[in-house]
Amino acid sequence: MKIATMFSDVVGSFWKKPATVQYPFERVEAPTRLRGKLEWDPEKCTGCSLCSKDCPADAIEIITIDKKAKRFVMQYHMDRCTYCAQCIESCRFSCIEMSDEQWELAATSKVPFEVSYGREEDLAEALAKFALADTVETE
Amino acid sequence: MLSEPITPVEDLLKQAEAILIPWIPEEAIQGLDDGYPLMLNYTDRRIKVTGTGFPDCLDVNVSAEELLTVIQTLLDNDWGYLATITGVDLGVEAGEIEVLYHFCHGTAVVTLSVKVPRENPVVPSICGIIPSASFYERELLEMFGVTITNTPNTDHLFLPDNWPDNTYPLRKDFVMHAN
Amino acid sequence: MEAIGNIVSLLFFPGGLFVIFAGLMYEWLDHKIIARSQNRIGPRWFQPIADAIKLLTKEEIVPDGVNPVLFAILPLIALAGALTAALYVPMAGLKPAYSFAGDLIVTVYMLSLLTLSIGLAGANAKERFSLVGSTRALTQLFAYEAPFLLALLGPAIAAGSWQISEIVAYTETHTWMMILQPIGFVVALIGLMGKLELPPFDSPEAETEIVAGALTEYSGRGLAIFHLGKGAELIIGLTLITAFYMGGVSNPVWFLVKTVGLLAVLAALQSLMTRLRIDQTVGMWWRYGALLVLLQWLIIVVVQLV
Amino acid sequence: MMLEMTQKEEKFIIPIGPQHPALKEPGHFEFAVDGELVTDATVRLGYVHRGIEKGAEARNWNQNLYLVERICGICSHIHAFTYARGVERLAEVEVPPRAQAIRVLVAELERIHSHMLWFGVAAHEAGFDTLFMFSWRDRETIMDILEGLTGNRVNYSANVLGGVKFDVTDEHRKTILEAVDFMEKRTKHYLNVVTTDAMFLQRTRGIGVANLQQAHRLGILGPTARASGVKRDVRVDAPYSAYKQFPIKMVVETAGDLEARFVVRLKELFESYRLIREILNNMPEGDLQVKRFPRRIKPGEVISRVEAPRGEVFYYIRSNGGEMPERLKVRTPTMMNMASVLAMAVGHQLADMPMLLVGIDPCFSCNDRGVAICNSKGDHDQWTWERLRQHGIDFYAEKV
């Protein structure tokens, strides 16, 4: 039976750097394997839609413009994404990647969370056909 | 503290079979060299090797009336502990609800399966033998609507108090709407 | 002229604004030291002020079933008690604004008004956590009050006066009382922790059991005023103990150094202890606290007779 | 006021939860007290019931892996592990040994972070915030490792059906070994604190005792049961996955009080450290995943049992040959341990209640799994997002 068993920790920590950081002013770097915002490469895609089928959160839509010409547009609902990376596993042609830099994803409206990927001309066509969200990000 | 050596799963299952022998149909045991039913490929549903034939499971079909006796026999012989009670709705066509009582002992699992009609599902409460089964029985009651005779507590466990009567979410005819 | 002087001493210094502001600063220091001893950064200096301002601007909700007059007036009584007490102590190392024979007793009881008000505020509410909290606060009050008062009377006996200014004049010119009366010092210090409901004596407001104890129903202004009162009590308690036991407070610099040093000790004690249950707190005070103080008194009496 | 209440209701009931500082997750407890003494206790669960068991019947095998991962926010890997193991057995797929080892490695890292988290919370409930802060600071080293290894701090999504997603590189191996050394040193220190600190022992020793007989009767599981002398640990009784090659020792205490629960969990950490070192030093070579995992699984049923940080997790999975499971039953350890709290509470001080509650390491999300949103009119459809949104808009429009 002792008292003050944490004494050495308490005294010692005055000489140590604090374990906490003041977040918005000071950032801890994210690891390289971090799963952030999804990125899609339209060049390799064959339109098999396995990513969309296996997505547990219904976050991916593959819109076919011309199947023979391999013209597809991906609509990515970032607000639904759970960042589980199953789409990367399901994709047999490795057209999906997840950024390790874009992870501070917060906004006051839902608009920035509707992301469309694709070649420029495909996007324009898809926009005309399916009335996609207003903000469109191009590759 | 060193752990004791693991009893081989065959031995555990043989013990279970020895205990449960009155409930295993004779045709299942006949024609076996060592009287070890697991070696047989069953077509009889009264005793079955689980689906793909995992060598660590023994399933025995019992009737609702026999259930308490079987469980008492298992416990009297000190075989395992109740892991959980699972309800499975076999669908409107089959018209049955299967209630599974899983007992674990080391690597082996014995499952007692009770099939009750969907219209009037009734099983006896096992709380008299295993008091901790009360939570499982409450869950079974609210999710499948299986009437459990003599269970000490029939209050809702998970569902809200204002949940409509006669609506059992885990039955197959309870449809969830997708977005 | 005298009227103006009175108003200044009541509203600004040493009562009123100064005590409130200093109390908030000491509270920040307390939080900061604890944070650093737990290897955290801790709050920035304006945090307690920001908290107080936020609470003061918030809408105050008066719950159903309470006596609204009592609900509104109790925080004021608590703060008024603490601010009145500030008038009789050598705040910031300067002479007390008012002084009369026996003002030590009045000061100590002014300080108890805070706990009494908190207890009443809890009993006034219908809420269960408040009721349990107020029961505990009052139980604890009866436990530490006697030993704490007796511990403060130790130096008074040595000085032969019950007037704070005279005791301080005595302690300034003699050896530090904490060396002459170590038991009294320890009891007074722990008594102050009990009075301020700091860990390990925070069971009246143990958040993991009874949310915020007696003050659960308070929000906005009432809570802010109670909070300010506690800050004021912290600084008054520190001043009294440094003045009595640590060789007096002859000027503002010494005052600052000694009180901050004492606060650091308090913070270290807080961070090393586990919260006691209320039965353990009461048992400890009556079994050890009271007995130790009586022992100290016995020693004082024997020494003085010899 | 107080007299009035006690006369009217006879019992003075202290409600704890659904929102209460002692509970980090929602659950509702009612303690009837006489002064400070608890005379009766009841519990109401289901506040985080999300319909996962039903939801699993409408998702395919792959999607369910991430659904079950979200059963619990702390032991997420364990649920995915149990599910994946069950489905792989059902599909008769052999997982490569390296993948098995990595799964167990992550599971043990998760056990460390879960036990440290519990340790901090328990210290906080006892009112010892310094211990809380330090144990959580040390827990961060494990969180950082998990983040570096898998990419996420929680919900690592390390598993896929038929293997794991990532490899453990030499660099990871080095950082993990360093962190494990540091943690071992710290754990020794904490074990010393909880077994010798007089102030802390006042709150733990002899409090909430459940002896062996009671433990059996109440069906307690996991470390809580092992603190009462129940020798039951799935990792030892029925070694699964890589635990066959890397066996583990069971930690059992007999006192059955809160102190024993602290000691069991902390001693288990030493076993985890040893196992992690062993795995890292003898990592089997090979693939990380099987080439192809079937999308449809032939009919059958399987039972999968895994030892989570809180006790045995039990999965019953039934397939009807389709892309989706026919039935997925999850039994989490908290469910059984919850009943033990109620039994242990009676006769203790109110101040001990948070400690007792936390002593079993409750996980309400694990416990409540669930169903659909309902309204009182008897309309039991699940609300769509649209409907929910419209409801919100109408609600506020009415208010203004």
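A few points about this structure:
- Neighbourhood net charge (12 Å Cβ-Cβ; Lys/Arg +1, Asp/Glu -1) for C:Glu27: -1
- The simple spin-label model puts a point 7 Å past each Cα toward its Cβ; for C:Tyr98 and B:Asp78 those points are separated by 8.1 nm.
- Accessible surface of C:Met273 - all protein chains present, 1.4 Å probe, nearest 10 Å²: 50
- Each of C:Leu104, C:Leu153, C:Thr239 was scored by the projection of its Cα onto the charge dipole of segment C:2-305, and the greatest displacement toward the positive side belongs to C:Thr239; charges sit on the C-beta of Lys, Arg, Asp and Glu.
- Cubic angstrom per residue, convex hull over Cα atoms of segment B:72-114: 65
- Over 50 Å [Cα-Cα, the protein assembly as shown], rounded percent: 33
- Folded to 0 to 90 degrees: helix C:68-87 orientation relative to chain C principal axis, Cα: 20
- Long-range Cα-Cα pairs in chain C (distance over 36 Å), rounded percent: 14
- With all protein chains modelled, accessible area of D:Thr42 [1.4 Å, Å²]: 70
- Positions from segment C:15-49 whose accessible area shrinks by 30 Å² or more when the full protein complex is built, not the chain alone, probe 1.4 Å: C:Arg36, C:Ser37, C:Gln38, C:Asn39, C:Arg40, C:Ile41, C:Arg44
- Angle between chain C longest axis and helix C:164-173 axis [Cα atoms, degrees, rounded to 10]: 50
- Of the DSSP H helices in chain D, those that are both long (alpha-carbon extent of 24 Å or more along the helix axis) and hydrophobic (Kyte-Doolittle mean at least 0.0) are D:97-125, D:258-281.
- Sequence-distant aspartates and glutamates (8 or more away, or on other chains) whose Cα lies within less than 12 Å of C:Lys126: C:Asp64, C:Glu217, D:Glu4
- Lysine pair count for segment A:33-130 [Cα-Cα under 27 Å; pairs on different chains or 8 or more apart]: 19
- Of A:Pro18, A:Pro42, A:Pro112, the one that fluctuates the most in a GNM where chain A has Cα springs shorter than 10 Å: A:Pro18
- Straight-line cross-link partners of A:Lys16 among the lysines, defined as a Cα under 23 Å from its Cα and at least 8 positions apart when in the same chain: C:Lys32, D:Lys185, D:Lys188.
- Kirkwood hydrodynamic radius over Cα pairs of segment A:10-89, then Stokes diffusion coefficient at 25 °C and 0.890 mPa s, in µm²/s: 154
- Overall form of segment C:182-306: oblate. Here a/c, set by the Cα gyration tensor axes a ≥ b ≥ c, is 1.5 or more, and a/b is not larger than b/c.
- Protein accessible surface hidden between B and D, which excludes ligands and nucleic acids, total in Å², probe 1.4 Å: 4800
- Computed with a 1.4 Å probe on the full set of protein chains, the accessible area for D:Thr254 sits at about 110 Å².
- In a DSSP loop and with at most 14 other Cβ atoms within 10 Å, the GluC sites (Glu not before Pro) in segment A:1-101 are A:Glu26, A:Glu29, A:Glu43, A:Glu101.
- Size of segment C:1-130: Rg and Dmax of its alpha carbons, in Å, are 17.5, 52.
- Cα gyration tensor shape for segment C:164-250, rounded if a/c is under 1.5, else prolate or oblate: oblate
- Seen against the Cα atoms of chain A and their longest principal axis, helix A:120-130 is set at about 80 degrees.
- Helical runs assigned H by DSSP (4 residues or longer) give the protein assembly as shown a calculated mean residue ellipticity at 222 nm of -15000 deg cm²/dmol, each run adding -39500 (n - 2.57) before division by the residue total.
- 3J(HN,Hα) along segment A:73-84: 10, 9, 9, 10, 8, 5, 5, 9, 4, 9, 6, 8 Hz, from the Karplus curve 6.51 cos²θ - 1.76 cosθ + 1.60 with θ = phi - 60°, whole Hz, x for Gly and Pro.
- Rounded to 5, percent antiparallel among DSSP beta bridges of the protein assembly as shown: 85
- Three-way shape label, segment A:33-130, alpha-carbon gyration tensor, a/c 1.5: oblate
- Gyration tensor over alpha-carbon atoms, segment D:106-250, equivalent ellipsoid semi-axes in Å: 29, 23, 13
- Computed from backbone phi, the HN-Hα couplings of segment B:128-140 come to x, 8, 10, x, 6, 6, 4, 4, 5, 5, 5, 5, 4 Hz, rounded to whole numbers (Karplus: 6.51 cos²θ - 1.76 cosθ + 1.60, θ = phi - 60°; Gly and Pro given as x).
- Binned Cα-Cα distance frequencies in segment B:81-160 - 5 Å width, integer %: 3, 16, 26, 24, 18, 9, 3, 0
- 5 Å-binned pair-distance histogram of segment C:1-67 (Cα, whole percent): 4, 15, 14, 14, 14, 13, 13, 9, 4, 1, 0
- Close amide H contacts of A:Glu39 (hydrogens built in the peptide plane, cut-off under 5 Å, sequence separation of 5 or more or a different chain): A:Glu97, A:Met98, A:Ser99.
- D:Leu37 paired with D:Asn192, simple spin-label distance in nm, labels 7 Å along Cα-to-beta-carbon: 4.0
- Taking 37 °C and 0.692 mPa s as conditions, chain D diffuses translationally at an estimated 146 µm²/s according to Stokes-Einstein applied to its Kirkwood radius (Cα pairs).
- Backbone geometry of segment D:355-361 corresponds, through the Karplus equation with coefficients 6.51, -1.76 and 1.60 at θ = phi - 60°, to 3J(HN,Hα) couplings of 5, 5, 4, 6, x, 8, 6 Hz, x marking Gly and Pro.
The values are calculated or read from the model by the stated rules, or taken from the named source; none is laboratory data. Computed from a prediction, not measured in an experiment: that's the story for all the values here. Cβ sites come from the backbone with ideal geometry, for glycine too, and all protein chains shown count toward neighbours. Side chains included, ligands, DNA and RNA excluded: accessible areas come from the protein's heavy atoms. Shrake-Rupley method; radii C 1.70, N 1.55, O 1.52, S 1.80 Å.
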